[in-house]
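These notes concern the structure reproduced below.
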Amino acid sequence: MLLLSPSNVTAQWAEPEGATTSSELPRFTLREIVAGRNDTLTRIPGRWVHAALAAAPDSWATAAYHEAATRSGITPLTGSALASERSYHVMGLYRRRELTAAAQQTLAAIRATLPADSTRVRFDHLFRPRGEWIVDVHDAALAWARSRAPGIGWGTASRSLAAAHWLDKGDSRAEEAVPRALYGLMVLAASDSAAFRAARSDLWRADSVAANAVLLLLAGYAESQNWFVDALRFFLAQPWIPDGAQGLSLADIVREDWRRVGSSAAGTLPEIRPHLFGYPQAVPHYGVPPALFQHLVRADNQGARNWLERHGQASLLRALRWLPAGDTSLVLLQVGSEAIRLTTVPRQSRESLNGFLEPGNAIAIDPGYSPLLALGAVVHEWQHLIFRQQQLEEFAQRLPARAAAVVELPGIEPYLAEGFAEWSTERMLTPVVARWPLMGLGEREKRAGLAQENTDDQHSIGYALVRALAAEMSDPAAITKLLLRHAAQPSTLATGRQLPRAWRAYAGKPDRVFPVPASKILVPEVTFTIEDGVPGVVASRILIPPRAKVGR
């Protein structure tokens with residue numbers, strides 16, 4: 001680890017003396033960026049957190065989950081099964097028959113109320129292309145394989161998988177055990193190619209005939225990731241929810257809700273990116289709002305301005321991924337009492353689950369997630385994206401017209417961020433879940449499981465905090481605006497003028513302190529040219545940032 005401090009940093013690297021420059025090439029400067037927080041603790045005002053926790057949010061979570069499961073025709077997971085089998089359950093790999101039956105019933109009910117014939121055609125193309133229901137990627141993979149080998153089934157591959165120790169001996173639940181094994185092989189192929197080659201060799205040695213079936217099914221899984229994306233985009237973009245002659249899409253509901261806040265941040269659907277996490281996971285990848293881009297990137301010559309007009313902001317942000325990734329060792333810049341990790345755009349983009357300076361908003365989601373149960377997760381992550389974009393747009397509007405050399409991005413306190421996303425998603429999906437409760441089951445099962453596993457979980461505690469706030473303020477738009485103003489420091493929210501009498505019964509209660517990860521980073525300023533879409537570094541320098549806390 002290399003530790004840098006103001007006393008031992010010259011703060012500049014430039015071209016070697018005598019190096020040639022290409023003044024005719026488009027030349028840009030990415031300003032130095034500081035983001036994240038050094039604090040490892042977050043403080044929630046006592047009267048707010050005690051009011052939120054007084055009604056036992058873990059009990060809420062369990063009751064809401066059981067109610068949604070019962071209405072969906074699903075047996076709720078209880079006890080240790082909620083922790084051990086929850087991931088497999090929402091992926092359709094535990095109690096598969098029951099979940100498949102509930103999903104088919106839900107899809108049939110949706111189809112019966114589709115408001116337009118054109119929407120029904122798209123629906124049938126995705127979910128019953130040959131008259132049989134396809135409810136998840138496992139169904140889609142099997143259907144794809146059968147279109148090439150009609151006699152193939154889960155049992156066809158089980159002999160080879162068992163002999164290669166990818167199935168437990170004597171496991172008779174082929175409809176669960178085989179897709180579990182195939183999904184595991186698909187994840188292995190994406191994460192460790194050498195290990196996958198070894199596994200494939202084991203399959204061939206064990207039973208070459210059955211190994212062919214395994215490989216055909218794996219090809220089906222690879223192809224069916226596109227089906228998964230199309231299924232989610234159908235529910236986001238198509239008008240499938242009954243409402244007048246035209247119907248509504250989920251995007252219509254989300255946009256209308258944010259319109260009341262005075263925001264256009266929900267105007268564009270996020271890209272859906274299949275990503276093999278190996279478990280049911282979805283994460284937001286944050287794009288850069290145009291208003292902020294102007295403060296982060298400077299066009300240094302006319303060629304750069306022409307390039308931007310021709311190729312656009314997203315192309316330049318994509319080009320940043322081709323900058324040198326830098327030294328992989330841990331390098332810290334010591335500024336007073338703060339230690340800030342030095343990194344680069346390519347490295348931070350790879351290392352962060354949320355990406356960094358992304359060309360556009362996107363949601364990375366594991367395609368093993370059952371689509372009907374994944375919709376809540378998608379809307380949840382979309383709330384993160386819109387909230388952050390709105391925060392950054394407002395931040396950019398407050399910046400001086402003459403851009404500073406160092407841009408310190410505002411943070412979002414994680415309990416507030418997760419609480420807002422949970423509360424907002426639940427509220428927006430209320431009319432959908434009222435008709436089709438299975439669509440709320442995934443998020444409710446998640447929250448029940450997290451509350452059971454960790455009493456300080458950010459989702460359940462955060463949800464309780466925002467729910468307590470909603471009990472004091474009836475206007476969702478006003479709540480959203482208030483949370484945006486206090487996104488980085490929720491400790492100031494309970495003392496604001498809008499809530500002078502809130503939670504008086506808990507006045508004098510001590511604040512609660514929760515652990516949160518520290519992740520303050522600094523991306524040095526870099527000047528570069530672009531030729532054929534590839535950047536070439538001209539100079540890079542580190543400017544000592546102000547010692548003020550980021551986002552305050």
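Remarks
- For the range 50-66, backbone phi angles converted through the Karplus equation (6.51, -1.76, 1.60; θ = phi - 60°) give residue-by-residue couplings of 5, 5, 5, 8, 5, 8, 6, x, 5, 5, 4, 4, 5, 5, 5, 5, 4 Hz, Gly and Pro being listed as x.
- Per residue accessible area of the range 115-163, 1.4 Å probe, in Å²: 49 Å²
- Treating each Cα of the range 39-146 as an identical point scatterer and summing with the Debye formula, the log10 of I(q)/I(0) at q = 0.13, 0.17, 0.20 Å⁻¹ comes to -0.71, -0.92, -1.09.
- Long-range tail of P(r) for the range 121-196 (Cα pairs > 17 Å, %): 53 percent
- Considering the chain, its Cα convex hull presents a mean projected area of 29.8 nm².
- In a DSSP loop and with at most 16 other Cβ atoms within 10 Å, the trypsin sites (Lys or Arg not before Pro) in the range 398-441 are 402.
- The residue 478 and residue 194 beta-carbon pair, evaluated with R₀ = 51 Å, returns a calculated FRET efficiency of approximately 0.40.
- The chain: angle of helix 371-398 to the longest principal axis, Cα-based, in degrees nearest 10: 10 degrees
- Applying the criteria of a DSSP loop state and at most 16 other Cβ atoms within 10 Å to the GluC sites (Glu not before Pro) of the range 17-123 yields 17, 24, 85.
- Residues of the range 467-527: accessible area per residue with a 1.4 Å probe, Å²: 51 Å²
- Fraction of accessible area attributable to carbon and sulfur, the chain (%, probe 1.4 Å): 50 percent
- Computed from the Cα positions only, the extents of the range 366-502 along the three principal axes stand at 50, 40, 30 Å, in decreasing order.
- Length available on full extension from residue 516 to residue 539: 0.36 nm per residue minus the Cα-Cα distance, which gives 4.7 nm.
- Under the simplified labelling scheme, the residue 148-residue 122 pair shows an inter-label distance of 2.9 nm, with each label point 7 Å from Cα along Cα→Cβ.
- Counted residue by residue at 0.36 nm each, then reduced by the alpha carbon distance between them, the extension gain from residue 201 to residue 70 reaches 42.7 nm.
- Between residue 298 and residue 350, the FRET efficiency estimated from the beta carbon spacing at R0 = 25 angstrom works out to 0.50.
- Applying the Karplus relation 6.51 cos²θ - 1.76 cosθ + 1.60 with θ = phi - 60° to the range 226-233 yields 3J(HN,Hα) values of 5, 4, 4, 4, 4, 5, 5, 5 Hz, where x marks Gly and Pro.
- 0 to 90° range, to nearest 10: angle between helix 174-191 axis and the chain longest Cα axis: 30 degrees
- According to the Kirkwood relation over distinct C-alpha pairs, the hydrodynamic radius of the range 24-70 is 16.0 Å.
- Taking the longest Cα principal axis of the chain as reference, the axis of helix 438-453 is set at about 70 degrees.
- Looking at the range 237-290, the accessible area is 44 square angstrom per residue; that uses a 1.4 Å probe and ignores ligands, DNA and RNA.
- Under the combined filter of DSSP loop state and at most 11 neighbouring Cβ atoms within 10 Å, the range 456-535 retains these trypsin sites (Lys or Arg not before Pro): 497, 501.
- Nearest-20 debye value, the chain charge dipole, Cβ charges on Lys, Arg, Asp, Glu: 760 debye
- Residues whose amide H comes within less than 5 Å of that of residue 512, counting only those at least five positions distant or on another chain, are 44, 46 (H built at 1.01 Å from N in the peptide plane).
- A straight chain from residue 491 to residue 393 at 0.36 nm per residue would run longer than the Cα-Cα distance by 33.0 nm.
The values are calculated or read from the model by the stated rules, or taken from the named source; none is laboratory data. The model shown is predicted, which means the values in this text are computed figures rather than measured ones. Reconstructed Cβ throughout: ideal geometry from the backbone, glycine too, with neighbour counts over all protein chains shown. Remember, those area values only see protein heavy atoms, side chains included, never the ligands or the DNA or RNA. Shrake-Rupley method; radii C 1.70, N 1.55, O 1.52, S 1.80 Å.
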